Structures are given as C-alpha cells and as structure tokens.
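Notes for the one structure printed next.
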Amino acid sequence: GAVVSQHPSRVICKSGTSVKIECRSLDFQATTMFWYRQFPKKSLMLMATSNEGSKATYEQGVEKDKFLINHASLTLSTLTVTSAHPEDSSFYICSAPDLGSNQPQHFGDGTRLSIL
Amino acid sequence: DAKTTQPPSMDCAEGRAANLPCNHSTISGNEYVYWYRQIHSQGPQYIIHGLKNNETNEMASLIITEDRKSSTLILPHATLRDTAVYYCIVSPNTGNQFYFGTGTSLTVIP
C-alpha cells in the first residue's frame with residue numbers, strides 16, 4: 001500500500017542549528033501534506049498544511065518564520081526548524097492523503113528532534 | 001480544534017473484545033469518523049473509517065450511532081500488540097486537516 005517516508009528518524013543537534021526534515025510520498029502524488037508536532041505523552045498537534053506549488057497554511061500560534069515549509073514537488077515536503085532551541089525538541093510527524101484513490105491519510109514514522 | 005472526546009485509558013484482557021467509545025456530538029453531516037492508533041514512538045496507523053453505516057475490515061469494526069453523535073471501535077480479539085493510543089477523528093474527507101483529540105490509551109493485559 002501507499003507509504004509516507006520521513007527522514008531523518010532521529011536528529012540531535014546543538015542549539016541555534018537549523019534542522020531540515022523530509023517527508024516523501026513513495027508511490028503516490030501528494031499535492032497536500034500535513035505537519036504535526038507531538039510532545040511526550042501528548043496528542044498530535046497540527047502545525048501546518050503544506051501545499052505543492054504554493055505557500056503553506058499555518059495553524060494559529062505556529063510561527064511560520066520558525067518552521068519553514070517547502071513543498072516543491074508532488075512527492076516531497078520539507079519542514080525546516082530554524083535556529084532550533086531546546087524547547088523545539090519534539091516528535092515531528094508528517095502525513096499525506098492519497099487523493100487520487102481517496103485513501104485515508106498515511107502518516108510517516110516521525111522524526112525525533114533533540115536540541116542540546 | 002478536535003471535535004471528539006474519548007476516555008483517557010482502558011484495559012482489556014487478551015483475547016477479549018476491546019470496545020473503545022468516542023463522542024462527536026457536533027459532527028457535521030459531511031464529516032467522516034476516522035480511527036487511527038499510535039504505538040509508542042511511531043506514526044499513527046489507519047484502522048477504519050465510516051460515514052454513517054457500520055463498517056468492518058480485517059482489523060476492526062466501527063459502529064456509528066444512528067444520530068452519528070458517537071461511535072465505538074471494536075477490536076474483536078485483542079492481542080498484546082494492540083496496546084496503543086487510539087484516536088477518533090472527524091473530518092470531511094481524507095484531504096482535510098485532522099485535529100487529534102487526547103485519544104484512549106488501551107492496555108491489553110495477558
């Protein structure tokens with residue numbers, strides 16, 4: 001079945017570093033992808049909707065200059081956490097719907113980001 | 001914002017049916033009910049979805065009340081691998097945003 005792949009699965013870096021996370025749809029085209037953040041023992045929180053060929057739509061309270069989203073192709077969306085700080089440490093997850101077949105949203109396995 | 005409420009936790013004996021309830025009293029006529037589960041440190045896994053009819057697949061059954069204000073996910077024979085957090089989500093279709101509630105942490109007990 002359809003698969004969404006995230007890379008890297010885990011990243012540890014120093015405070016002030018910018019970190020890029022990739023989300024790929026492996027066997028279907030995704031004009032829309034979604035980015036979530038999840039803190040320990042909490043639910044997933046929708047951060048933004050990534051739209052191929054246009055600007056992302058951010059949820060209220062999410063800083064668009066902090067979390068840069070680029071959806072340059074029909075199979076790839078990237079989330080860049082700019083100048084990351086320890087409070088940005090979290091589990092970041094992407095998802096993509098296969099609109100062509102009306103399949104439910106497929107989720108990636110997440111990226112564990114730890115900022116030292 | 002999430003339009004669903006679920007009990008925070010439930011236990012179920014291995015081999016027994018697990019019945020997970022979800023309230024969605026403000027659901028709109030065009031919104032589906034989706035169920036996903038998340039095993040620790042993984043992305044959510046799709047289980048089942050429905051609009052108004054009951055649905056069954058190889059993983060589970062979904063029972064939606066006639067007024068559509070609540071639903072129940074049924075895992076017919078729970079195994080230890082079914083231990084996870086289960087999320088009920090309402091959305092017009094798979095291409096729309098999913099707003100997750102707090103989910104139900106299901107523990108299957110040997």
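What number in nm² do you get for chain A if you take the convex hull of its Cα atoms and divide its surface by four?
It is 6.9 nm².
Of the residues B:Asn53, B:Asn96, B:Asn19, which exhibits the maximal mean-square fluctuation in a Gaussian network model of chain B defined by a 10 Å Cα contact cut-off?
B:Asn96
For the protein assembly as shown, take the convex hull of the Cα atoms, compute a quarter of its surface area, and give me that in nm², please.
Computed as one quarter of the Cα hull surface, the answer is 12.3 nm².
Taking the simple approach of a point 7 Å from Cα along Cα-to-Cβ for both A:Lys55 and B:Asn53, what is their distance in nm?
Once both label points are built, they end up 4.3 nm from each other.
Given springs between every Cα pair under 10 Å in a Gaussian network model of chain A, which of A:Ile21, A:Ile93, A:Ile12 has the largest fluctuation?
Most flexible of the set in this elastic network: A:Ile12.
With just the Cα atoms defining each centre, how far is the stretch B:70-94 from the stretch A:93-115? Give it in Å.
18 Å
If you take each beta carbon of peptide B:94-106 and count the beta carbons of other chains within 10 angstrom, what is the mean?
5
Please list, short to long, the whole-number percent of alpha-carbon pairs of chain B in consecutive 10 angstrom bins beginning at zero.
Per 10 Å bin, starting at 0, the Cα pair percentages come out as 15, 51, 29, 4, 0.
What does the C-alpha gyration tensor say about the overall shape of the stretch B:25-65? Classify as rounded when a/c is under 1.5, otherwise prolate if a/b is larger than b/c, or oblate.
The shape class here is oblate.
Calculate the dipole size of chain A relative to its Cα centre from +1 charges on Lys and Arg beta carbons and -1 charges on Asp and Glu beta carbons; express the result in debye to the nearest 20.
About 340 debye.
Taking K and R as +1 and D and E as -1, what net charge do the other residues with C-beta under 14 Å from the C-beta of B:Thr94 add up to?
-2
Take peptide B:40-52, look around each residue's Cβ out to 10 angstrom, count Cβ atoms belonging to other protein chains, and average those counts.
Mean inter-chain Cβ contacts per residue within 10 Å come to 4.
Read-outs throughout are calculated quantities, based only on the coordinates presented, and are distinct from any laboratory measurement. Bear in mind that the values here come from a model prediction, so they are computed numbers and not experimental data. Here the Cβ is made from the backbone with ideal geometry for all residues, glycine too, and neighbour counts use every protein chain on show.
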